[in-house]
């Protein structure tokens, strides 16, 4: 089984680092050495998750971050801008960078790349549930121009998975009698809803779940070798 650190390395983005520390180490919520902008983002993240976007006020976000409302507006012109920052910076950009490293690793076969990508997809959805909830349920609250930016990045993210599947087809490892778009949607549907039902403290770890998904999915793609 590939671990999370195998996939994205030990140096993580600040918000992801905070989430991982809190979940894996059981660290009490705290901002430590976060800069002011990240404190505001972290405060908004937890409040949006606990209360919902519309029920959370700028005053509450500011108080949670330990800054004045003036301090909030210094970094974010509006609450919509902070939602966009959470969607873009954490939910898209950091993950794009991580999975691109996997896709560009020429030492791995397409099947190995896909296994790592599935491992990463399951892990991040289960271990970073507040961010996942905000990503899936908060998109509709963004302005149209911001939604367009997020969707373009989301499409780029999904295209990386499709590219790896194409590599497997071109190498002759995977079958070629299927629609790649449908197959990729099936993969995301399988992985992305784990945050709804998989208990991080349950009997099966995210790694065990992703191993099961990988075997099911990659075995289905592999060509049968002639005897």
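No value in this document is a laboratory result; all are computed from the given coordinates. Just so it is clear, the model here is predicted, and its values are computed rather than measured. Positions of Cβ are generated from backbone atoms using ideal geometry, with glycine treated the same way; all protein chains shown enter the neighbour counts.
Numbers for the structure displayed
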read-out	value
Identity of the residue in the range 138-151, part of a helix (DSSP H, G or I) and touching a residue at least 40 places away in the same chain (Cβ under 8 Å), that ends up surrounded by the fewest Cβ atoms within 10 Å (Cβ to Cβ)	149
Check on residue 154, surrounded by 13 or more Cβ atoms within 10 Å (Cβ to Cβ), free of Cβ contacts under 8 Å to residues at least 60 places away in the same chain and closer than 20 Å to residue 100 by Cα	no
Qualifying residues in the range 100-132 (those that are part of a loop (DSSP other than H, G, I, E, B) and free of Cβ contacts under 8 Å to residues at least 40 places away in the same chain) - the one surrounded by the most Cβ atoms within 10 Å (Cβ to Cβ)	108
Qualifying residue in the range 177-194 (condition: in contact (Cβ under 8 Å) with a residue 60 or more places away in the chain, more than 28 Å from residue 130 (Cβ to Cβ), touching a helix residue (DSSP H, G or I) at 6+ places or on another chain (Cβ under 9 Å) and surrounded by 15 or more Cβ atoms within 10 Å (Cβ to Cβ))	no
Matching residues in the range 195-227 - criterion: being surrounded by 13 or more Cβ atoms within 10 Å (Cβ to Cβ), without any contact (Cβ under 8 Å) to a residue 12 or more places away in the chain and part of a helix (DSSP H, G or I)	212
Within the range 61-80, tally of residues that are assigned to a helix (DSSP H, G or I) and touching a helix residue (DSSP H, G or I) at 6+ places or on another chain (Cβ under 6 Å)	8
